[in-house]
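All remarks here apply to the structure that follows.
All of the numbers you see were taken from the coordinates with simple rules; none came from a lab. Only a predicted model underlies this, so the values are computations on that prediction, with no experimental measurement involved. All Cβ positions, even for glycine, are placed from backbone atoms using ideal geometry, and neighbour counts span all protein chains on display.
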Amino acid sequence: MSKILPFTGSGVAIVTPFDGNKTNYDALGELIEMQIANDTDAIINCGKTGEASTLPDQENLIAIIYAVNKPATRNAVLTATGPHA
């Protein structure tokens, strides 16, 4: 029996850009759109670039929701949802 994969191809871990102490959602949207325009198959946010453990829980949740909603059905989105330090 073969596994059904959520995506194939490339997945890119993107940074969460900041403007002072807040997430810069305009810049985050631009990063997401750039990945989609360049045929990235999956966008990985709030994960291996350090944000999962450094963003406050509420800000992390908002960044996750934004990253999932921005590409809608155009791309897979993987995101960190584990406990924070």
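Counted by Cβ distance under 13 Å from residue 10, the other residues give a net charge of -2, where Lys and Arg count +1 and Asp and Glu count -1.
Note on residue 62 and residue 4: the model spin-label points, each 7 Å out from Cα along the C-beta direction, lie 3.5 nm apart.
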